[in-house]
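To start, the structure itself, in structure tokens.
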Amino acid sequence: MRFKPTKQQQNEAMVGVFELYHTPINENRYDHYIYSFLNALMLYPDDFKQALELTSKLNKQLIQPLTEPEKELAYQQLSERWTDDLFN
């Protein structure tokens with residue numbers, strides 16, 4: 001299955017990246033990381049490596065960036081949210 005975001009979705013993702021870069025969500029670092037990842041996927045749907053690099057840059061904007069184990073927990077939370085949305 002191939003994902004191709006619309007120009008409108010990519011514009012909204014760019015705004016989201018800008019906001020996360022200049023105003024990181026330090027109160028909830030996991031949400032910051034998840035939003036960063038999702039926006040990066042919208043901007044680079046065909047280049048997963050580029051999406052991860054952008055996510056990493058946005059993670060570094062946090063006062064206390066997520067560690068590797070915390071990143072895994074963030075991806076797990078994202079997976080659980082997607083599953084909940086699909087079946088509820």
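Just so you know, all these numbers are worked out from the coordinates, no wet-lab data involved. Fair warning: this is a prediction, and the values are worked out from it, not measured in the lab. Virtual Cβ from ideal backbone geometry, glycine too; neighbours counted across all protein chains shown.
For the chain, GluC sites (Glu not before Pro) are listed when DSSP marks them as loop and at most 11 other Cβ atoms sit within 10 Å of their Cβ; the list is GLU27. Each Lys or Arg adds one and each Asp or Glu subtracts one; over the other residues with Cβ under 13 Å from the Cβ of PHE3, this totals 0. For the chain, the fraction of C-alpha pairs more than 18 angstrom apart is 45%.
Here the simple spin-label model places points 7 Å from the Cα toward Cβ, and for TYR21 and GLN50 these points are separated by 1.4 nm. All other residues whose Cβ lies under 15 angstrom from that of ALA40 are scored, Lys and Arg at +1 and Asp and Glu at -1, for a net of -2. Please identify the trypsin sites (Lys or Arg not before Pro) of region 34-80 that satisfy two criteria: DSSP loop assignment and at most 12 other Cβ atoms within 10 Å. Which are they? Answer in residue order: LYS60. The count of lysine pairs in the chain that are at least 8 places apart or cross chains, and whose C-alpha atoms lie under 19 Å apart, stands at 6.
Charge dipole of the chain (Cα centre as origin; +1 on each Lys and Arg Cβ, -1 on each Asp and Glu Cβ, all else neutral): 320 debye, rounded to the nearest 20.
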